[in-house]
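The structure appears right after this line, and notes come after that.
The values are calculated or read from the model by the stated rules, or taken from the named source; none is laboratory data. All of these numbers come straight from a predicted model, not from anything done at the bench. Note that each Cβ is placed from the backbone with ideal geometry, even for glycine, and that neighbours are counted across all protein chains shown.
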Amino acid sequence: MKRNRPEKLIIDGKRLDGRAPEEMREIEAKIKVLSRADGSAMFRFGNSIAIAAVYGPRPMFPKHLQDPEKTIVNFRYNMAPFSTEERVKPGTSRRSVEISKILKEALSEVIFLEEFPRTGIDVYVEMLQSDGSTRCAALNAAALALADAGVPMRDLVAACSVGKVDGEIVLDVNGKEDNYGEVDMPVAIIPREGRVVLLQMDGILSKEEFEKCLELAKKGCERVYEVQKECIKKAYAFEAIKEGEE
Amino acid sequence: MGQIFVQERELVMPGKVLARGMDVLPGNGTYRDGEEIISKVIGLAKIKERLISVIPLAGKYMPKHGDGVIGIIEDVQPTFWNVDINSPYMGILLLGEAVKEYVDVTKTDISKYYDIGEVIYARVLNVSRSGIVSLSMRDPKAKKLHGGKLVRITPYKVPRVIGKEGSMVELIKEKTRCQIIVGQNGIVWIKGENEALATRAILLIERESHILGLTEKISKLLEGEEV
């Protein structure tokens, strides 16, 4: 892998895909993409595509896992075998178990768990194509799908990644920058409160750099949040019109 | 003084700040965080004097006292039935709420009253905080539904299917000469010769509940097939 490394990841202030350091890739969001799920959404950062499906709240089985005081969130993050350049072995891996766990914990922060005692909510996220920042795309898609399923939430969750490539701080890390760059740091926030619900860091940053990264990530999340809100508005606007006329 | 940031029937989503101030009260579908009242769900804002609530546009059916629901018997226990009512919780129909006469449970198999797979129209008696839903057949409208077919629709579209004072469902009943019962939980029971047409009409209402002149479109659909 190492020998495929490009000489430089930033040339004349432009990144490999022609972006400026603080520029994000194209973002696309869509809800109601699956008809059989209670709620579903697609979220795309450039070439990273995530599809999320939410089922429930529904009776929780097996029964011994039920909690008489709150609902249980079951999260599955999975990469499609064809999502990367090299085939991903199907099934759970150490990586997917970790990501499922942290994304579940991030979402549990916003869901009103105590409103549906003894039930479970299943969230399934499939990565159809992966090119860096997949856990951020997965979380954004899952938040939209939950809202679409009508699950009561404090707010949506918006996530994006920051990193350090060739000594420069960049926003929205893509696959090559993730592999050959110095630092990759996914961040998720609850936009209204500005609270951080997910933060991981792979690499080494100085304190000043870290603070700069976090600031930048929050800006990126705001952008993502705007796209998420726009997407919900578009999908539900026609309902509002009719209801308003009666 | 409290400020309200949304208009009546405006589209809101989780995280949207609806109002600020302690003299404004949070209703259904909202929560209070400090001074602010915030929406929990995707829905339409509803303002009633000082009370702000959100009518949800998506979500599962949550049973509440007095609702008429259509359920399918899922399991027969010694003294009660488990009923699937298309909600996060299983409905429970106790023997005393189902059968008028005295039944000696040591000698009778209660599946002779209701058996697995049978469909009932029942009333929700009570919903406990931990989600135990008790049902009752002691209601003039409650009965076992023989034959017919079930159509599932999104629960929040149920008022559209019923129409103003039942006008929409009455129209379909009259035109197709079918028996139709709409459960608050989003299950519709249809029985009659023209089941297929009635089903099409109901699914059309669910799909296009937002368009203008829906009633005319439905009558056209019903007439067109009859001619």
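Would you mind telling me which numbered condition in (1) in contact (Cβ under 8 Å) with a residue 12 or more places away in the chain; (2) surrounded by 17 or more Cβ atoms within 10 Å (Cβ to Cβ); (3) part of a loop (DSSP other than H, G, I, E, B); (4) not small (Gly, Ala, Ser) A:Val88 fails?
(1)
Exactly one condition in (1) within 13 Å of chain B (Cβ to nearest Cβ); (2) within 17 Å of the chain's Cα centre (by Cα); (3) closer than 21 Å to A:His64 by Cα is false for A:Asp148; which is it?
The single condition A:Asp148 does not satisfy is (3).
Scan the stretch A:156-194 for residues that are among the acidic types (Asp, Glu) and on the phi > 0 side of the Ramachandran plot and jot them down. Reasoning before the result, please.
As a first pass, look at the stretch A:156-194 and keep what is among the acidic types (Asp, Glu): A:166, A:168, A:172, A:177-178, A:182, A:184, A:193.
Within the stretch A:156-194, A:Asp166, A:Asp172 qualify.
Could you tell me whether B:Arg129 is within 14 Å of another protein chain (Cβ to nearest Cβ) and within 25 Å of B:Glu195 (Cβ to Cβ)?
no
Pairs needed: first member in the stretch A:98-117, over 19 Å from A:Val187 (Cα atoms); second member anywhere, surrounded by fewer than 16 Cβ atoms within 10 Å (Cβ to Cβ) and of a type in the set (Lys, Arg); C-beta distance under 9 Å; at least 6 residues apart or different chains.
Filtered contacts from the stretch A:98-117: A:Pro117/B:Arg129.
Would you confirm whether or not the stretch B:82-93 contains a residue that is outside any strand (DSSP E or B) and either free of Cβ contacts under 8 Å to residues at least 40 places away in the same chain or away from chain A (no Cβ under 14 Å) (or both)? Before you say what the answer is, go through the steps one by one.
The initial filter retains those residues of the stretch B:82-93 that are outside any strand (DSSP E or B), namely B:85-89.
Restricting the remaining residues to those that are either free of Cβ contacts under 8 Å to residues at least 40 places away in the same chain or away from chain A (no Cβ under 14 Å) (or both) gives none.
No, the stretch B:82-93 has no match at all.
For the stretch A:60-85, which positions are within 11 Å of another protein chain (Cβ to nearest Cβ), out of contact with any Phe, Trp or Tyr (no Cβ under 8 Å at 6 or more places or on another chain) and surrounded by 10 or more Cβ atoms within 10 Å (Cβ to Cβ)?
Once the filter is applied, which keeps residues that are within 11 Å of another protein chain (Cβ to nearest Cβ), out of contact with any Phe, Trp or Tyr (no Cβ under 8 Å at 6 or more places or on another chain) and surrounded by 10 or more Cβ atoms within 10 Å (Cβ to Cβ), the stretch A:60-85 yields A:Met60, A:Gln66, A:Asp67, A:Glu69.
Can you tell me which residue is farthest from the other protein chains (Cβ to nearest Cβ) among those in the stretch B:47-56 that are out of contact with any Asp or Glu (no Cβ under 7 Å at 6 or more places or on another chain) and not in a loop (DSSP other than H, G, I, E, B)?
The extreme case among them is B:Leu51.
Out of (1) in contact (Cβ under 8 Å) with a residue 40 or more places away in the chain; (2) in the same structural domain as B:Leu204 (by TED's automatic domain parsing); (3) touching a helix residue (DSSP H, G or I) at 6+ places or on another chain (Cβ under 8 Å), what's the single condition that is false for B:Val169?
Here B:Val169 meets the rest and fails (1).
Out of (1) assigned to a strand (DSSP E or B); (2) within 14 Å of chain A (Cβ to nearest Cβ); (3) surrounded by 18 or more Cβ atoms within 10 Å (Cβ to Cβ), the odd one out for B:Asp75 is which?
Condition (3) is where B:Asp75 drops out.
Looking at B:Gly21, B:Gly29, B:Gly66, B:Gly59 in this structure, which one is within 18 Å of the chain's Cα centre (by Cα), away from chain A (no Cβ under 14 Å) and on the phi > 0 side of the Ramachandran plot?
Result of the check over B:Gly21, B:Gly29, B:Gly66, B:Gly59: B:Gly66.
Would you tally the residues in the stretch A:20-61 being within 18 Å of A:Cys160 (Cβ to Cβ), touching a residue at least 40 places away in the same chain (Cβ under 8 Å), part of a loop (DSSP other than H, G, I, E, B) and not polar (S, T, N, Q)?
Looking only at that region, the number is 6.
Just a yes or no: is a residue in the stretch A:217-229 under 13 Å from the mean Cα position of the chain (by Cα), over 26 Å from A:Gly56 (Cα atoms) and within 14 Å of chain B (Cβ to nearest Cβ)?
Among the residues of the stretch A:217-229, at least one is under 13 Å from the mean Cα position of the chain (by Cα), over 26 Å from A:Gly56 (Cα atoms) and within 14 Å of chain B (Cβ to nearest Cβ), which makes the answer yes.
Residues are listed down the side, and each one gets a yes or a no for (1) of a type in the set (A, V, I, L, M, F, W, C); (2) more than 28 Å from A:Asn174 (Cβ to Cβ):
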residue	(1), (2)
A:Glu7	no, no
A:Arg19	no, no
A:Glu26	no, no
A:Gly39	no, yes
A:Asn47	no, no
A:Met60	yes, yes
A:Lys63	no, yes
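For the stretch B:25-36, enumerate the residues that are surrounded by fewer than 23 Cβ atoms within 10 Å (Cβ to Cβ) and either assigned by TED's automatic domain parsing to the domain that holds B:Lys157 or in contact with a strand residue (DSSP E or B) (Cβ under 7 Å, 6 or more places away or on another chain) (or both).
Once the filter is applied, which keeps residues that are surrounded by fewer than 23 Cβ atoms within 10 Å (Cβ to Cβ) and either assigned by TED's automatic domain parsing to the domain that holds B:Lys157 or in contact with a strand residue (DSSP E or B) (Cβ under 7 Å, 6 or more places away or on another chain) (or both), the stretch B:25-36 yields B:Leu25, B:Pro26, B:Gly27, B:Asn28, B:Tyr31, B:Arg32, B:Glu35, B:Glu36.
Give the stretch B:18-36 a look and list any residue that's assigned to a strand (DSSP E or B), farther than 30 Å from A:Tyr55 by Cβ and not small (Gly, Ala, Ser), or say none.
Across the stretch B:18-36, the qualifying residues are B:Arg20, B:Leu25, B:Glu36.
Can you tell me which residue is nearest to A:Glu230 (Cα to Cα) among those in the stretch B:32-55 that are within 24 Å of the chain's Cα centre (by Cα) and of a type in the set (Lys, Arg)?
In this case the residue turns out to be B:Lys40.
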